[in-house]
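In what follows, a single structure is set out as structure tokens and then discussed.
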Amino acid sequence: MKRLLDSNPVGGLRLTPEERRSGLIDAALRSIIKHGQAGLSVRAVCQEAGVSAGLLPHHFPGKDALIVEAYRKLTEDIYTQINETLEAASGSSSEDKLRLFIELSFKQPVLNADFFRIWLVFWNLSQQQSEIAKLRDEVNRKVVNSLQTLIEGVAQDAALEQVNFRLAAIGLSGLMDGLWLEWSLNPAGFSPEEATEICQCWVDALLSGGLGRLATVTSS
């Protein structure tokens with residue numbers, strides 16, 4: 001994710017409707033970074049974009065629609081970059097790809113103070129707006145599904161048996177999210193490299209058969 005604060009408002013430049021729409025989305029994200037949730041007012045977003053408040057209805061049905069699209073862009077930008085890096089490592093083993101996924105999750109642009117500020121706002125909004133909650137759950141499912149596919153590949157290559165791939169993916173995703181959140185709140189507590197190593201130890205446990213107990217877990 002490019003540093004949104006480095007982007008400049010487009011102001012009165014002649015832009016296509018799609019360019020103007022994209023500019024408003026970027027302005028919404030920059031406004032959140034600067035002002036928190038208060039930055040999502042129509043006035044604040046349009047001021048950040050360098051346009052009049054009356055322009056927004058020409059591109060979005062309302063402020064809520066703009067917020068949803070801003071959240072969508074944020075997550076797509078992040079995970080597109082991760083997936084492109086994984087695809088570029090097409091000759092690597094499933095284990096290498098899983099370890100690479102972990103490494104990328106504790107580097108820029110994922111480990112980013114601006115990114116964290118935006119996420120806090122969207123997490124709060126997801127408790128209030130069903131469309132944001134739906135998109136949040138969709139993003140989480142994609143991450144877990146990606147991890148599950150990688151874990152299944154690791155298990156197949158290593159001839160591992162009795163692994164509940166779904167629970168393993170949920171567990172690793174939760175571990176990574178927790179470390180990401182803890183580091184974002186208190187960067188002095190541990191380094192991104194240490195967070196990465198903790199998660200790599202989880203992969204070691206998978207390879208040694210240490211997650212076999214998950215196979216006995218059933219939904220109540």
| message | Let me confirm something: among Leu40, Leu55, Leu86, which residue is within 24 Å of Val143 (Cβ to Cβ) and of a type in the set (A, V, I, L, M)? | response | Leu86
| task | Determine whether region 141-148 contains at least one residue that is touching a helix residue (DSSP H, G or I) at 6+ places or on another chain (Cβ under 7 Å), part of a helix (DSSP H, G or I), without any contact (Cβ under 8 Å) to a residue 40 or more places away in the chain and more than 17 Å from Ser184 (Cβ to Cβ). | result | yes
| field | Qualifying residue in region 160-174 (condition: modelled with pLDDT of 95 or more, of a type in the set (Gly, Ala, Ser) and over 17 Å from Ala215 (Cα atoms)) | value | yes
| query | Restricting region 45-54 to residues that are over 29 Å from the mean Cα position of the chain (by Cα) and not in a loop (DSSP other than H, G, I, E, B), which is nearest to His35 (Cα to Cα)? | reply | Ala53
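Being within 30 Å of Cys201 (Cβ to Cβ) and either part of a helix (DSSP H, G or I) or modelled with pLDDT of 90 or more (or both) is true for just one of Leu125, Leu120. Which residue is that?
Just a single option satisfies the conditions, and that option is Leu120.
Evaluate the following for Ala188: is it free of Cβ contacts under 8 Å to residues at least 12 places away in the same chain, on the phi > 0 side of the Ramachandran plot and loosely packed, with under 14 Cβ neighbours inside 10 Å? Steps first, answer last, please.
On the way: free of Cβ contacts under 8 Å to residues at least 12 places away in the same chain: yes; on the phi > 0 side of the Ramachandran plot: no; loosely packed, with under 14 Cβ neighbours inside 10 Å: yes.
Taking the combined requirement at face value, the residue does not satisfy it.
The values are calculated or read from the model by the stated rules, or taken from the named source; none is laboratory data. Please read these numbers as outputs of a predicted model, since none were measured by experiment. Cβ sites come from the backbone with ideal geometry, for glycine too, and all protein chains shown count toward neighbours.
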